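The values are calculated or read from the model by the stated rules, or taken from the named source; none is laboratory data. Worth saying up front: this structure is predicted, and the values here are computed from it rather than measured. Every residue, glycine among them, receives a Cβ derived from its backbone with ideal geometry; neighbour counts consider all protein chains shown. Quick note on the areas: whole protein, heavy atoms, side chains included, nothing else; ligands and nucleic acids left out. Shrake-Rupley method; radii C 1.70, N 1.55, O 1.52, S 1.80 Å.
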Amino acid sequence: MRLLLVEDDIQLAESLTEVLEAQRYVVDTVKDGESGWSQMQLMDYDLTLMDVTLPYLDGLQLCQRLRSHGYQLPVLMLTARDTSQDKVRGLDSGADAYMVKPFNLSELLAQIRALLRRGNSQSAPGLVWEKLSLDPSTYEVSYDRQTLRLTPKEFSILELLMHNGRRVLSRAFILESIWSMKSPPDEETVKAHIKGLRNKLKAAGAPKTLIETVHGVGYRLWAQS
């Protein structure tokens with residue numbers, strides 16, 4: 001899941017990013033409303049967290065602009081304004097939820113999970129590719145009913161491959177989809193994670209070609225049929 005955090009308090013933004021990344025979210029961070037608007041036009045996000053008091057374009061205006069342009073992604077507003085009138089303005093601007101600073105991190109994470117579930121309520125509960133199964137909600141992966149223990153990045157790469165099936169994914173596309181824009185590694189990192197994935201799949205009985213290399217292009221899942 002990819003989240004956009006729009007927050008001008010640098011210390012808070014860094015702390016929240018660390019917490020969210022520990023929960024396996026990919027997090028991009030910008031410091032003002034106009035940058036948030038620009039970023040949402042460049043990338044597809046599953047959810048955005050935004051402060052209300054932002055430079056150039058405040059959170060209320062940004063949320064209204066998103067909704068007026070047809071963006072349906074969940075919006076969680078974070079603010080120090082705690083009156084009922086402030087909450088009403090936030091929700092009326094198009095926000096899905098409103099949390100007052102300082103907030104409890106466990107409650108924030110629970111709210112994010114709830115909003116993501118609501119946004120994906122029509123999605124299938126899990127992904128299946130022949131004998132390979134992956135459940136995004138529980139982070140469980142198995143091959144032929146044998147559980148695989150994957151790192152967060154290995155899990156994210158496998159989930160991306162399973163979502164795309166026989167479509168070939170370049171290393172650049174995988175980097176863009178899974179790593180945040182602030183600290184993308186080089187393409188050799190993708191190669192190393194693919195190698196780790198293949199080794200774990202092979203140990204569970206999967207064919208070596210389950211993750212197929214299309215030379216000069218990228219990777220895709222291999223199908224027997």
Is it true that Y56 is on the phi > 0 side of the Ramachandran plot, surrounded by 14 or more Cβ atoms within 10 Å (Cβ to Cβ) and either touching a Lys or Arg at 6+ places or on another chain (Cβ under 9 Å) or free of Cβ contacts under 8 Å to residues at least 40 places away in the same chain (or both)? yes
Within the range 98-111, take every residue that is part of a helix (DSSP H, G or I) and of a type in the set (A, V, I, L, M, F, W, C) and give me the one that is most open to solvent (accessible area, probe 1.4 Å). L105
Going through the range 174-225 one residue at a time, which ones are in contact (Cβ under 8 Å) with a residue 40 or more places away in the chain and closer than 11 Å to I157 by Cβ? I174, S177, I178, W179, H193, G196, L197, I211, Y219
Somewhere in the range 169-176, is a residue out of contact with any Gly (no Cβ under 6 Å at 6 or more places or on another chain) and open to solvent by 70 Å² or more (accessible area, probe 1.4 Å)? yes
Number of the condition not met by S156 [criteria: (1) over 25 Å from V19 (Cα atoms); (2) buried (at least 19 other Cβ atoms within 10 Å of the Cβ)]: (1)
For the range 198-225, which residues satisfy the criterion of being in contact with a strand residue (DSSP E or B) (Cβ under 8 Å, 6 or more places away or on another chain) and in a helix (DSSP H, G or I)? R198, K200, L201
Could you list all residues from the range 112-121 that are open to solvent by 40 Å² or more (accessible area, probe 1.4 Å) and modelled with pLDDT of 85 or more? R113
Can you tell me which residues in the range 1-33 are of a type in the set (D, E, K, R) and open to solvent by less than 40 Å² (accessible area, probe 1.4 Å)? R2, E7, D28, D32
Right, D82: open to solvent by 10 Å² or more (accessible area, probe 1.4 Å) and in contact with a helix residue (DSSP H, G or I) (Cβ under 9 Å, 6 or more places away or on another chain) or not? no
